[in-house]
Amino acid sequence: MDYRTMYDEKKLSPQDAVSLIEDNSKMQTGGEPTLLLTALKEQRHRFHNLYVYSMLGLMKAESVDCLLDMEAEGHISYGVGFISGWESRAIRKGRTVDHLTAHFSQFEDLSERYIKPDYLLANVAPMDEEGYFALGYHPFGRSAVDAGAKAILQVNECMPALYSDYYKVHISEVTALCEGDIPITEFGSPAPSEIDQRIASHIIERIPDGATIQLGIGGVPGAVSNFLKDHKDLGIHTELFSNTMTMLMKSGVVNNSRKTLYPGVAVTGIVQGNQETYQFVNKNKDVFMKRLGWVNDPATIAQNKDMISINACMSVDLRGQVCSESLGYNISGGSGGQLDFVRGARKAEGGKSFIAMHSVNEKEGRDPISKIVLSLDAGSAVTCPRNDVQYIVTEYGVAELENRSAREKALNLIAVAHPDFRDRLLFDAKEAGYI
């Protein structure tokens, strides 16, 4: 049987496709197949114990309406690996949301060994001539199929076909599919502030030509990219390919020519950007998507000579503990891959790991609050333990923490805190016996 015939035989309406899902099942969703999720909401009353899991959280209002509406309680349970703003708001309104905590390097193992979903609902690019569907910009789902999940797909012309040796599903593995060309979520890039530029200026002088880079999202990575225009032969090995990386590749600053691992191509596990980025990665063999568990394995990362990792955080205490995912008890996001890259970059020959932040948290109508503190707020999640952190960067400079004593770490962090808070931090550090 040829692939097109198989495709036509498995094509159903979204409602008929979802009707195949049985109660008392576990389901994983990826890429937000909104037509399928809408059909799921329409049929929610026939479920009493359906568990739905999303790796990276929900990005589209339509998906939120289907899975996080209070009417879904008692019918559809929901779990997430990386909490988005939508999930945070739903939790505050009383919706039960399970936060399954893991590093990005562990996500697929979490799916295969713990969740073991019965079904996969995924948004995919159109089938290629070999019968494969690319799993898209948030490509989680291959691990679900490997764990035995029945694949139910929404085939979407708007989804970029990403070059990958892993994130794809063959028509022979598909239980049912529907078609629906729904625009996918776009992500902008915040314009770097003056403070972002100052932070970036401290980092840029430590990035050599030929380095392989990983950039998180936010103003500081954008500012760093602005300073990189005179660098040569940079490469990319990253968990998330963003608009910044599209710009760096288009400008020629990144050509991946001197990479140790997979020279000639940018390696990533996720893509998240605007339409320009999605068009750039579509069928582009210069951007290669690998299994995220491999991309983010510190042992893999460490194979890249001059590996540079740049990420952001919410606060750091004088012991060097970094919180990047919560404000006290309020979770925002998750551990992601920060610690994966902190550890991997530190092990790499010539590698460096930078964690950047503004020295204070400023909100209109409130006094500034130092983000360098004696002790993290109650309820704060420690994303990076003190023994792993190499460099903390603020607009006031770089605090070197690697191989430093507790006393030296505290003094180095106080030196890059906002001047208005240094005396108090020094006093508190002495009172606590750090100094």
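The values are calculated or read from the model by the stated rules, or taken from the named source; none is laboratory data. Everything numeric here is computed off the predicted structure, so don't read it as measured data. Don't worry about glycine lacking a Cβ; one is built from the backbone with ideal geometry, like all the others, and counts go over all protein chains shown. Just the protein is used for accessible areas: all its heavy atoms, side chains included, with ligands, DNA and RNA removed. Shrake-Rupley method; radii C 1.70, N 1.55, O 1.52, S 1.80 Å.
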| Considering residues of the range 47-77 that are among the small types (Gly, Ala, Ser) and at pLDDT 90 or above only, the residue least open to solvent (accessible area, probe 1.4 Å) | Ser54
| task | Taking only the range 189-211 into account, find how many residues are touching a residue at least 60 places away in the same chain (Cβ under 8 Å), in contact with a helix residue (DSSP H, G or I) (Cβ under 9 Å, 6 or more places away or on another chain) and either open to solvent by 30 Å² or more (accessible area, probe 1.4 Å) or farther than 15 Å from Ala312 by Cα (or both). | result | 4
| Those residues of the range 377-417 which are in a loop (DSSP other than H, G, I, E, B) and open to solvent by 40 Å² or more (accessible area, probe 1.4 Å), in sequence order | Asp377, Ala378, Val382, Pro385, Arg386, Asn387, Tyr396, Glu402, Asn403, Arg404, Ser405
| Do you know which residues across the range 317-339 are in contact with an Asp or Glu (Cβ under 7 Å, 6 or more places away or on another chain) and of a type outside the set (Val, Ile, Thr)? | Gly328, Ser332, Gly333, Gly334, Ser335, Gly337, Leu339
| remark: A careful count of residues in the range 283-308 that are open to solvent by less than 20 Å² (accessible area, probe 1.4 Å) and of a type in the set (D, E, K, R) gives 0
| Val80 fails exactly one of the following numbered conditions: (1) surrounded by 14 or more Cβ atoms within 10 Å (Cβ to Cβ); (2) within 22 Å of Val155 (Cα to Cα); (3) at pLDDT 90 or above. What is the number of that condition? | (2)
| request: Can you give me the number of residues within the range 1-46 that are of a type outside the set (D, E, K, R), in contact with a His (Cβ under 7 Å, 6 or more places away or on another chain) and either open to solvent by 40 Å² or more (accessible area, probe 1.4 Å) or modelled with pLDDT of 95 or more (or both)? | output: 1
| remark: (1) in a loop (DSSP other than H, G, I, E, B); (2) of a type outside the set (Asp, Glu); (3) open to solvent by 20 Å² or more (accessible area, probe 1.4 Å) all hold for Phe280 apart from (1)
| field | Cross-chain or 6+ apart pairs with Cβ under 7 Å, the range 330-354 first and over 13 Å from Asn296 (Cα atoms) and outside any helix (DSSP H, G or I), then at pLDDT below 95 and of a type in the set (Lys, Arg) | value | none
| field | Arg346 among the basic types (Lys, Arg), open to solvent by 10 Å² or more (accessible area, probe 1.4 Å), modelled with pLDDT of 95 or more and under 28 Å from the mean Cα position of the chain (by Cα) | value | yes
| request: Mind checking which helices (runs of 4 or more DSSP H) fall wholly inside the range 1-83 and carry at least 2 residues that are over 31 Å from the mean Cα position of the chain (by Cα) and not acidic (Asp, Glu)? | output: 3-10
| field | Residue list for the range 208-233, restricted to those being among the β-branched types (Val, Ile, Thr) and in contact with a Lys or Arg (Cβ under 8 Å, 6 or more places away or on another chain) | value | Thr212
| task | Take the range 130-154 and flag every residue that is open to solvent by 10 Å² or more (accessible area, probe 1.4 Å), without any contact (Cβ under 8 Å) to a residue 60 or more places away in the chain and within 18 Å of Glu9 (Cα to Cα). | result | Tyr132
